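Participant: Have a look at the structure that comes next, please.
Bear in mind these aren't lab numbers, they're just calculated from the coordinates by the rules spelled out. None of these values were measured; they are calculated from a predicted model. Every residue, glycine as well, gets a Cβ built from its backbone with ideal geometry; the counts of neighbours run over all protein chains shown.
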């Protein structure tokens, strides 16, 4: 059974952990499948052995970043030493406001961003539902809001904060420890992307290790296009 500190150590060694990746490290690979599929690992609320609690514990303690970074799927973790590289690889050069004004960003993404700026603190899923107003019970609009939250995580504008549940988020620039930003020199997009790809191939047995980043890359290119 993988324990909390052991998991953090393994993610730090790997640099990042994406869901459903065939890792060379078989223990973390076993967690990837058994843990996420509720097999073999006890989901009893014990923060030392229950992976479900780690989703909020690691970002709250700022040991790792947790979120929907990888193709909008839950269960992604990034070690401090790689976080700034992901920002350089996937955060668009256009600001959120510029993306919205250019017609490339939806109203829910902009609404989430405006709420975080307005309150200046992490907000919960329930807080974000305020954007929907009269559509708060409309399942189609709820799915759009959910997609918007994930989209802003894939572009490294917001991140799970750990203080407001699995979907509670804050702006990355408010949440990230400053020392994380000092671990690497600033990289251009292509250099950062290649650094991530090399590490993904190094820690994975899969021949398609790049697939975990396709949606983030697609968003980056869409927002970066002139």
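Participant: For a quick check: sort 216, 124, 204 by the number of other beta carbons within 10 angstrom, fewest at the front. Intermediate results must be reported in sequence, preceding the final value.
Facilitator: On the way: 216 24, 124 15, 204 20.
Starting with the residue having the fewest Cβ neighbours, the order is 124, 204, 216.
Participant: Calculate the FRET efficiency for residue 133 and residue 163 from the Cβ-Cβ distance with a Förster distance of 22 Å, rounded to the nearest 0.05. Don't jump to the answer; show the numbers that get you there.
Facilitator: Numbers: r = 25 Å, r/R0 = 1.13.
It comes to 0.30.
Participant: Still on this structure, I have one more. Say each of residue 146 and residue 183 gets a label point 7 Å from the Cα, pointing the same way as Cα to Cβ; how far apart are those two points in nm?
Facilitator: 3.1 nm
Participant: Something else about it: Can you give me the C-alpha center-to-center distance between region 169-226 and region 69-96, rounded to a whole angstrom?
Facilitator: 5 Å
Participant: While we're looking at this one, here's another question. Measure off 7 Å from each Cα along the Cα-to-Cβ vector at residue 119 and residue 53, then give the distance between these two points in nanometres to one decimal.
Facilitator: 2.5 nm
Participant: I need 100, 66 ordered by Cβ neighbour count within 10 Å, fewest first. Numbers along the way, then the final one.
Facilitator: Values: 100 18, 66 26.
Least crowded to most crowded, the residues run 100, 66.
Participant: Continuing with this model, one more query. Taking the beta-carbon count within 10 Å as an exposure proxy, list 85, 78 from fewest neighbours to most.
Facilitator: On the way: 85 22, 78 28.
Ordered from fewest to most neighbouring Cβ atoms within 10 Å, 85, 78 come out as 85, 78.
Participant: While we're looking at this one, here's another question. What list of whole percents do you get for P(r) of region 96-175, with Cα-Cα distances grouped in 5 Å bins up to the one holding the largest distance?
Facilitator: Computed distribution, short to long bins: 3, 17, 29, 27, 17, 6, 1.
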